[in-house]
1. With respect to Ala48, determine if the residue is free of Cβ contacts under 8 Å to residues at least 40 places away in the same chain and surrounded by fewer than 19 Cβ atoms within 10 Å (Cβ to Cβ).
2. Would you call Leu61 more than 21 Å from Ser300 (Cβ to Cβ), within 23 Å of the chain's Cα centre (by Cα) and in the same structural domain as Ile248 (by TED's automatic domain parsing)?
3. Looking at the stretch 248-306, which of the residues that are not in a helix (DSSP H, G or I) and not acidic (Asp, Glu) is surrounded by the most Cβ atoms within 10 Å (Cβ to Cβ)?
4. Anything in the stretch 307-337 that is surrounded by fewer than 20 Cβ atoms within 10 Å (Cβ to Cβ) and among the hydroxyl-bearing types (Ser, Thr, Tyr)? List them, or say none.
5. Return the residues of the stretch 372-429 that are in a loop (DSSP other than H, G, I, E, B), of a type in the set (Ser, Thr, Tyr) and in contact (Cβ under 8 Å) with a residue 12 or more places away in the chain; say none if nothing qualifies.
6. How about the stretch 1-102: which helices (runs of 4 or more DSSP H) wholly inside it have at least 1 residues that are among the hydroxyl-bearing types (Ser, Thr, Tyr)?
7. In the stretch 124-157, how many residues are touching a residue at least 12 places away in the same chain (Cβ under 8 Å) and either buried (at least 24 other Cβ atoms within 10 Å of the Cβ) or not in a helix (DSSP H, G or I) (or both)?
Amino acid sequence: MMVEVLILVIVFFVLLSIGVPVAWSIGISCLCTIMVSIDSLASMTTIAQRMATGLDSFSLLAIPLFILAGQIMNQGGIAHRLIAFAKSLMGALPGGLIYVNVIAAMLFGAISGSAVAATSAIGGILGPYMEKDNYSKEFGAAINITSSTTGLIIPPSNVLIVYSLASGGVSIASLFLAGYIPGILMGLALMLTAAFWIKKKKYPPGERSGLRQISRAFLNALPSLLLLVVVIGGIVSGIFTATEASGIAVLYTLILSFIYRELSVPKLYGVFLNSIGTTAIVMLLIATSMSMSWVMSYESLPQNISEALLGLSDNKFVILLIINVLLLFVGTFMDMTPAVLIFTPIFLPVVVDLGIEPVQFGIMMVMNLCVGLCTPPVGAVLFIGVSVAKTSIQKIMKPLLPLYVVMAIVLLLVTFIPAISLWLPSLFE
């Protein structure tokens, strides 16, 4: 068994180190591992079967539909209206555009469920305004990168749907409700950090918006904000499932974008093409990750790791701290989707034995891996944020460091104070 585990780990890391895409690295390492136990033809058949079986889930249909809804939002003028609303609220404060970035990223990320979409949309729109008002390009990019991850915690979130699948059926409605307070807390913590930076740089106040301007901006953004009420309200009340909600989100955003007259039939071709490309990547990652989960289960790896962790200490705080450190390390080189699918079956039995609720662990895990999206060498949000801001990773690392610390502090609060994530779901039981 030890030989198989070594083959799995070594082949995976070697392939990653030479630039092989994550999905292919996972699939090839699984194939090499299983070939030790059975012959090559049976190995290929087994891995292919496990990949197909891993995608055979009705819940997964929500992911391509939410991806499509996010693409429609990105092209349909919704981001502009959310930014205008946030600017009317916070633009008068010193360094107001920084706060606007965080609030807009929280709103757009929550509605689209995509950190990548939020980073590119918010950064692309606000970037020129910040540059015109002499904001630090590097700090603006750092705030945009970190705040965009809040949309993966505040529902609807594709990653939470993936966690529900990997955990064996934790309620998606409970996970969605559990994400609100931690996501808002993360956004507020980033804004507080930004406030210290703004005070240090002595930015002047911005232009104050009158009540009429705020009301107009709110009314313009209201149809977009109502999508959250429709989707989350429908799921929590039991009117429809998360998968059905994703279909409603597509229809709602499509109609709204045509009403705004910022999306036309010819533009839909590009929207569908981008959605198909993103969906293909995500689904390949899910398929290969499910095969790796099966290989690890076949080799009894989750049970052995569980026994090893519980053997280190019987203190749940120590175990949770160790798991957080391991996940932070994993997040630096692995995308969120495969990380959730691979490591949930390993760590979830451990935390359940310690009396931790699966819902709380899901939020903790997603928040943890959000940090990885902002860190080199693999962080997708980091690279997109740098590209949009037209700067370099080396230049934004200094302003990113205090934001990393703040994200880690909020993560620890969610880890060790269960009520932060469990209080809201408990109201709907």
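1. yes
2. Yes: the conditions hold for Leu61.
3. Only one residue fits best here, namely Leu263.
4. Once the filter is applied, which keeps residues that are surrounded by fewer than 20 Cβ atoms within 10 Å (Cβ to Cβ) and among the hydroxyl-bearing types (Ser, Thr, Tyr), the stretch 307-337 yields Ser313, Thr332.
5. Within the stretch 372-429, Thr375, Thr391 meet the criteria.
6. Hits in the stretch 1-102: 2-17, 22-34, 40-55, 78-90.
7. Of the residues in that region, 22 qualify.
Results for (1) over 18 Å from Leu285 (Cα atoms); (2) among the hydrophobic types (A, V, I, L, M, F, W, C), shown as yes or no for each residue.
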site: Pro302; (1), (2): yes, no
site: Leu309; (1), (2): yes, yes
site: Asp314; (1), (2): yes, no
site: Ile319; (1), (2): yes, yes
site: Val325; (1), (2): yes, yes
site: Ala339; (1), (2): no, yes
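The values are calculated or read from the model by the stated rules, or taken from the named source; none is laboratory data. It should be emphasised that the depicted structure is a prediction, and the values quoted were computed from it without experimental measurement. Because the Cβ atoms are built from the backbone with ideal geometry, glycine has one as well, and the counts that use them run over all protein chains shown.
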